Amino acid sequence: MILIGRNVSPFVRRVASVMRLLEIDFEQRFLATADSIEDIAKFNPLGRVPSLVLDDSEILIDSSAIIDYLLELKDQNGDLLPKTGSERRSILRTVAIAHGVMEKGVASSYEQTRRSPEKVSDEWLSYLQKQIIWGLEDLERKAEHTSEWLHGDRLTLADVTSICAFDYINMRHPVLFDANSFLALKKLTDQGNKLPAFFETKPAI
């Protein structure tokens, strides 16, 4: 399998982390949307990452769709995401919040870096940043009232997505909140980043 995209994208990183957790062999082509959009569009006509090229040349796009396939392939016991029931719904809710933080974080980065300064909308940027904070506050409340991981004593897809989201916000928006904010979420992220699936995929920048 070939994973398309750089781990600086939280969407690419969460796929790479899941593949490592599930012990799936793959190679990675570190293409960036900023300078390799034409090459990326060969895999996804929208020019977005990640894409995953399967061994039979089928191409999957979108991190959620890719992870759905990976879980079907290698998470038969439902360790990362139960197959049915209230626990599955609860985990998916947390995943949705963390995924939303990623989306708003990327949108905020684009607003600040891809537009010329005179075209940046301060009102829109402020709204995106509020959404990021609201999402992180929800994840923080969850982290404050759990034990080892967000949904109990085992790592799930909720932790994977939350760790990738929090690391991305810290990397791209370091002044959005002070160091004493989101301490439970920081503890969770630090704990996750000790595992190879996360420290091997964490962007260097």
Which one of these does Gly192 not meet: (1) buried (at least 18 other Cβ atoms within 10 Å of the Cβ); (2) of a type outside the set (Val, Ile, Thr); (3) farther than 24 Å from Glu23 by Cβ?
(3)
How about segment 1-82: which helices (runs of 4 or more DSSP H) wholly inside it have at least 3 residues that are of a type outside the set (S, T, N, Q) and under 22 Å from Asp167 (Cβ atoms)?
10-21, 63-74
Give the residue, chosen from Ala41, Ala32, that is more than 20 Å from Gly100 (Cβ to Cβ) and modelled with pLDDT under 95.
Ala32
Within the set of pairs 6 or more residues apart or between chains, which connect a residue that is free of Cβ contacts under 8 Å to residues at least 40 places away in the same chain inside segment 108-121 to a residue that is in a loop (DSSP other than H, G, I, E, B) and loosely packed, with under 11 Cβ neighbours inside 10 Å with Cβ atoms less than 8 Å apart?
none
Name every residue in segment 93-116 that is in a helix (DSSP H, G or I), out of contact with any His (no Cβ under 8 Å at 6 or more places or on another chain) and more than 17 Å from Met171 (Cα to Cα), in order of residue number.
Arg93, Val95, Ala96, Ile97
Residue check for Glu87: surrounded by fewer than 19 Cβ atoms within 10 Å (Cβ to Cβ), part of a loop (DSSP other than H, G, I, E, B) and modelled with pLDDT of 95 or more:
no
Within segment 96-117, tally of residues that are closer than 22 Å to Thr161 by Cβ, surrounded by fewer than 16 Cβ atoms within 10 Å (Cβ to Cβ) and among the hydroxyl-bearing types (Ser, Thr, Tyr)
1
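The values are calculated or read from the model by the stated rules, or taken from the named source; none is laboratory data. On a predicted model such as this, the values are computed, not experimentally measured, just so you know. So basically every Cβ, Gly included, is an ideal-geometry build from the backbone, and we count neighbours across all protein chains shown.
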